[in-house]
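Contents: one structure, followed by commentary.
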Amino acid sequence: PGKQQNLTRTRAFEFRPGPRMAKAGAKKRLEENKTHLRRLLIAILIGIAAYVIGRLYIFRSAATWWNYMVLTAVILVQFVCYGSLASCARPTYDEKGDLSDGGMDLFQSGMMSYTHDVIYISILLQFLGIAYDWIWLIFLAVPVMISYQLWDKVVSPYIFTPREGEAGYNGNAKETAVERKRREKLERKQNRPKMKMVR
């Protein structure tokens, strides 16, 4: 009994995640975010430096006001995207000053992915823009993609989803799988033939 009781305590201790494990995950996420943001900032600065040295210094005779305007706009876009990633990765601390959350995961899909795409495209175009001015037209794909995503995810569902009282309205359209299963089970239960026990 003594050995088995001790073994049970050990197993229970091993499988129960405590506050240390949660804090370890938060610390790991914090370090991953810091490393990723540092690398991203270095890549942005290298892209800016390459464009300034290559296009505005070495090929300065061919540089026009267009090049300065594009550089300013791209730097603005890069740092807005970087700032949004940095604010998402900002950790939170409890009242004692201990780390409670390491920030959001910067590698998740959705807006994080789109923000990374904009930064990577702009860095690539800075390198290609050293030799070709027309290459910046590719950057027009960014607002086109943003417009498409807004239409697809926000505007179109808002406009074309029927509301209560309109033709085609389905009140159960937004129910989750769990809610649907509960509703179906309740409907089956109500539709069962009711039998009374007769003695």
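Relative to the current alpha-carbon distance between TYR57 and SER147, full extension at 0.36 nm per residue lengthens the span by 28.9 nm. For the range 22-150, averaging the sequence separation of C-alpha pairs within contact (under 8 Å, six or more residues apart) and dividing by the residue count gives a relative contact order of 34 percent.
Once all protein chains are placed together, SER100 keeps about 70 Å² accessible to a 1.4 angstrom probe.
The values are calculated or read from the model by the stated rules, or taken from the named source; none is laboratory data. These numbers were taken from a predicted model, which means no experiment stands behind them. Surface areas here come from the heavy atoms of the whole protein model, side chains and all, with no ligands, DNA or RNA. Shrake-Rupley method; radii C 1.70, N 1.55, O 1.52, S 1.80 Å.
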